[in-house]
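> The structure's right below; bear with me while I get my questions together.
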Amino acid sequence: MVLKSFVEVHPDSHFPIQNLPYGVFKAEPGSEARPGVAIGDYVLDLSVIASAGLFDGPYLENSDCFNQPTLNKFLGLGQLAWKEARSTLQKLLSAAEPILRDNTSLRQKALLPMDKVQMLLPIAIGDYTDFFASKHHAKNCGLIFRGPENPINPNWFHIPIAYHGRASSIVISGTDIIRPRGQGHPTVNSLPYFGPSRKLDFELEMAAVVGAGNELGKPVDVNEAANHIFGLVLMNDWSARDIQAWEYVPLGPFLGKSFGTTISPWIVTLDALAPFASDAPDQNPPPLPYLAEKEYKNYDISLQVSIVPAGQKDACIISRSNFKHLYWTITQQLAHHTINGCNLRPGDLLGTGTISGPEPDSYGCLLELTWNGQKPLSLGGTTRTFLDDGDEVIFTGCCKGGGYNVGFGRCSGKILPSPP
Ligand SMILES: O=C(O)/C=C/C(=O)CC(=O)CC(=O)O
Ligand SMILES: [Ca+2]
Ligand SMILES: [Mg+2]
């Protein structure tokens, strides 16, 4: 039988009792930030549950991890504490359990309507890394940026390539993104262009949130790597293609990427995603032993990108992709990240890279969808090559289970004009 909550949850909801993703919210503008989990259209305030003494297992009983303005402390406690929290919360919220169900005053204090609270960044992100793990995306970018000779560099099939991103400009879904200014390619015999980016793009990604870290000098074994990942969020790695194309040869992404990155507010745990595990694509050539896994696992997460064009009300779907298309798994990414001894810390964010599928309608950015502006997209009676000021980009992600969803909600951002 499918587990049910006493909280009424619509069958289409992303947040049934099987999910219970973690976020950080403010009940009112002046109030303190605190951790919560999503259940249907409500947020369960974990500080209230903790104060009521309802986390009574060995790992959480005397912990103040739910009286914090971020989830970092809880993440650092490790997977046994996460499992204890999940089983405590699933029990408390289940239809059969009277403790919270039948305590009206506690219920009113602990369950807050989601549309009344403000969601914040759930973690303090010390370091942010962005991988490049979709073969389809790597190939398309190679064809566009480097030509048909060798679209994918040979090292790509051996190394989960990444770049170090900028943590300070990571923002929560719903935050406006200011169009960056920067340098673009000179035309023949002229100086480089300087001004507002003319090729502003999104990148459909997900990101792993690091739970327990590793010590400097002590790499994480690839078959242990899942124990270090707390969960996943949706991520938009906003990218200015003109700035990127001019600056990144030979060193890689810098100002073309660092002006903003958006994440969704709810961290869906790997425990909630476990029923949706799917086989990752075959890796040929086989990876080196330190990247060889007992099981190559992705998750079947349907992803969708829509745009509300400037001045319009309705969203137009422009791409449908899936997390399962990633070539390098998140566990290989994490193991590779630490193989030189680099230490990860609770709350670090590891972007997967743009998640493009094999079909043109599953590409994960406008660079690919419009083939660098050569094939404009039609949407809502207008067309786009790259993003206009006023456009809003919305990602959603959801796993469909037997009788329930495990979803991520949305990750959105609207483009504001560059400063004058
Ligand atoms: O050089 C290229 O082919 C393009 C690279 C990127 O845009 C970097 C990036 O953000 C990787 C990714 O999202 O997959
Ligand atoms: Ca990216
Ligand atoms: Mg970015």
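The values are calculated or read from the model by the stated rules, or taken from the named source; none is laboratory data. Keep in mind the model is a prediction, meaning the values are calculated, not measured. Cβ placement follows ideal geometry from the backbone for every residue including glycine, while neighbour counts extend to all protein chains displayed.
> Condition (residue is within 14 Å of ligand 3 (Cβ to nearest atom), in the same structural domain as A133 (by TED's automatic domain parsing), closer than 30 Å to K83 by Cα and of a type in the set (D, E, K, R)) applied to the stretch 211-225: is it met by at least one residue?
Restricting attention to the stretch 211-225, the residues satisfying the condition of being within 14 Å of ligand 3 (Cβ to nearest atom) are none.
No: zero hits.
> Take the residues of the stretch 234-252 that are assigned to a loop (DSSP other than H, G, I, E, B) and surrounded by fewer than 20 Cβ atoms within 10 Å (Cβ to Cβ): which is farthest from ligand 3 (Cβ to nearest atom)?
P250
> Of all the residues that make up the stretch 340-383, how many are on the phi < 0 side of the Ramachandran plot and either in a loop (DSSP other than H, G, I, E, B) or within 15 Å of ligand 1 (Cβ to nearest atom) (or both)? Show your work before the answer.
First, pick out the residues of the stretch 340-383 that are on the phi < 0 side of the Ramachandran plot: 340, 342-346, 348-352, 354-370, 374-379, 382-383.
Of the ones still in play, those that are also either in a loop (DSSP other than H, G, I, E, B) or within 15 Å of ligand 1 (Cβ to nearest atom) (or both) are 340, 342-346, 348-352, 354-359, 362-370, 374-376.
Here the count works out to 29.
> For the stretch 92-123, give me each residue that is surrounded by 15 or more Cβ atoms within 10 Å (Cβ to Cβ) and part of a loop (DSSP other than H, G, I, E, B).
V117, L121, P122, I123, listed by residue number.
> Enumerate the pairs (first residue in the stretch 178-200 and assigned by TED's automatic domain parsing to the domain that holds D391; second residue anywhere and among the β-branched types (V, I, T)) with beta-carbon separation below 6 Å, excluding pairs fewer than 6 apart on the same chain, so at least 6 apart or on different chains.
R179/I415; G182/I243; S197/I243
> Just to be sure, is L191 at pLDDT 95 or above, hydrophobic (A, V, I, L, M, F, W, C) and either assigned to a loop (DSSP other than H, G, I, E, B) or within 16 Å of ligand 2 (Cβ to nearest atom) (or both)?
Working: at pLDDT 95 or above: no; hydrophobic (A, V, I, L, M, F, W, C): yes; either assigned to a loop (DSSP other than H, G, I, E, B) or within 16 Å of ligand 2 (Cβ to nearest atom) (or both): yes.
In short, no.
> Separate question: Among the residues of the stretch 255-306, write down those that are farther than 16 Å from L326 by Cβ, assigned to a loop (DSSP other than H, G, I, E, B) and within 20 Å of the chain's Cα centre (by Cα).
The answer is G256, K257, S258, F259, G260, S264, P265, W266.
> Something else now. Any idea which of (1) surrounded by 23 or more Cβ atoms within 10 Å (Cβ to Cβ); (2) not in a helix (DSSP H, G or I) is the one N150 doesn't satisfy?
Going through (1) surrounded by 23 or more Cβ atoms within 10 Å (Cβ to Cβ); (2) not in a helix (DSSP H, G or I) one by one, N150 breaks only (1).
> Any residue at all in the stretch 57-69 that is more than 16 Å from ligand 1 (Cβ to nearest atom) and either of a type in the set (D, E) or in contact (Cβ under 8 Å) with a residue 60 or more places away in the chain (or both)? Walk me through it before giving the result.
Of the stretch 57-69, the ones more than 16 Å from ligand 1 (Cβ to nearest atom) are 57-69.
Imposing the further condition that a residue be either of a type in the set (D, E) or in contact (Cβ under 8 Å) with a residue 60 or more places away in the chain (or both) reduces the set to 61, 64.
Within the stretch 57-69, one or more residues are more than 16 Å from ligand 1 (Cβ to nearest atom) and either of a type in the set (D, E) or in contact (Cβ under 8 Å) with a residue 60 or more places away in the chain (or both).
> Within the stretch 161-174, does at least one residue satisfy the condition of being within 16 Å of ligand 1 (Cβ to nearest atom), assigned to a loop (DSSP other than H, G, I, E, B), in contact with a Pro (Cβ under 9 Å, 6 or more places away or on another chain) and in the same structural domain as T352 (by TED's automatic domain parsing)? Walk me through it before giving the result.
From the stretch 161-174, those within 16 Å of ligand 1 (Cβ to nearest atom) are 161-167, 169-170; that's our starting set.
Among the residues that remain, those that are also assigned to a loop (DSSP other than H, G, I, E, B) are: 161, 165-167, 169.
From what's left, in contact with a Pro (Cβ under 9 Å, 6 or more places away or on another chain): 165.
Checking the rest, the ones that are also in the same structural domain as T352 (by TED's automatic domain parsing) come to 165.
Checking the stretch 161-174: at least one residue is within 16 Å of ligand 1 (Cβ to nearest atom), assigned to a loop (DSSP other than H, G, I, E, B), in contact with a Pro (Cβ under 9 Å, 6 or more places away or on another chain) and in the same structural domain as T352 (by TED's automatic domain parsing).
> Of all residues in the stretch 124-147 being of a type in the set (A, V, I, L, M) and either assigned to a strand (DSSP E or B) or surrounded by fewer than 22 Cβ atoms within 10 Å (Cβ to Cβ) (or both), which is farthest from ligand 2 (Cβ to nearest atom)? Before the answer, list the steps.
Here is the first cut: in the stretch 124-147, the residues of a type in the set (A, V, I, L, M) are 124-125, 133, 138, 143-144.
Subsequent filtering for residues that are either assigned to a strand (DSSP E or B) or surrounded by fewer than 22 Cβ atoms within 10 Å (Cβ to Cβ) (or both) retains 124, 138, 143-144.
Working: A124: 22, A138: 11, L143: 17, I144: 15 Å.
Applying the filter and picking the extreme gives A124.
For (1) surrounded by 15 or more Cβ atoms within 10 Å (Cβ to Cβ); (2) part of a strand (DSSP E or B), each residue gets a yes or a no:
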{"residue": "V37", "(1), (2)": "yes, yes"}
{"residue": "V43", "(1), (2)": "yes, yes"}
{"residue": "P58", "(1), (2)": "no, no"}
{"residue": "C65", "(1), (2)": "yes, no"}
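> Oh, and also: Inside the stretch 384-420, can you point out the residues that are under 17 Å from G174 (Cβ atoms), in a loop (DSSP other than H, G, I, E, B) and of a type in the set (S, T, N, Q)?
Passing the criteria: none in range.
> Starting from the stretch 247-260, keep only residues that are closer than 9 Å to P180 by Cβ and in the same structural domain as P180 (by TED's automatic domain parsing), then list their pairs with residues that are within 13 Å of ligand 2 (Cβ to nearest atom) and of a type in the set (S, T, Y) whose Cβ atoms are within a distance under 8 Å, requiring at least 6 positions of separation or different chains.
Filtered contacts from the stretch 247-260: G256/S239; G256/Y248.
> From D282, D361, D348, D314, grab the single residue that is in the same structural domain as P253 (by TED's automatic domain parsing) and touching a Leu at 6+ places or on another chain (Cβ under 9 Å). Let's see the steps before the verdict.
On the way: D282 fails: touching a Leu at 6+ places or on another chain (Cβ under 9 Å); D348 fails: touching a Leu at 6+ places or on another chain (Cβ under 9 Å); D314 fails: touching a Leu at 6+ places or on another chain (Cβ under 9 Å).
Just one listed residue meets the conditions, D361.
Listed here are the residues, each with its yes/no results for (1) surrounded by fewer than 16 Cβ atoms within 10 Å (Cβ to Cβ); (2) hydroxyl-bearing (S, T, Y); (3) modelled with pLDDT of 95 or more; (4) touching a Cys at 6+ places or on another chain (Cβ under 9 Å).
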{"position": "D12", "(1), (2), (3), (4)": "yes, no, yes, no"}
{"position": "V24", "(1), (2), (3), (4)": "no, no, yes, no"}
{"position": "G30", "(1), (2), (3), (4)": "yes, no, no, no"}
{"position": "K73", "(1), (2), (3), (4)": "no, no, yes, yes"}
{"position": "K83", "(1), (2), (3), (4)": "yes, no, yes, no"}
{"position": "L89", "(1), (2), (3), (4)": "no, no, yes, no"}
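> Could you list, in sequence order, the residues of the stretch 175-185 that are away from ligand 1 (no atom under 16 Å from the Cβ), touching a helix residue (DSSP H, G or I) at 6+ places or on another chain (Cβ under 8 Å) and in a loop (DSSP other than H, G, I, E, B)?
Passing the criteria: none in range.
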